[in-house]
Amino acid sequence: MELNGVDLEGIRWDPTTSWPPEWKERIWRASLAADTGHGELIVGAEPRDSTVSVDI
């Protein structure tokens, strides 16, 4: 499964969800607990490794 370029922000998942091995840690780090009480998590915005300067 190829996930590069796919916007996963807002996706709900749980610990039984199967992620590609190279994405598993990344998804866990970017996720927060959902307030459902059922062990669901929600993929949040991923932190960026670089910055881009912008003139405002």
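Quick note: the coordinates plus some simple rules give every number you see, no bench work behind them. Quick caveat, the model's predicted, so the values are computed rather than measured. FYI the Cβ positions are ideal-geometry reconstructions off the backbone, even for glycines, and counts take in every protein chain you see.
Less than 5 angstrom separates the built amide H of I11 from those of V43, all sequence-distant by 5 or more or on a different chain. For segment 14-29, the residues whose backbone nitrogen is under 14 Å from a point 7 Å from the Cα of H38, taken along Cα to Cβ, are 14-17.
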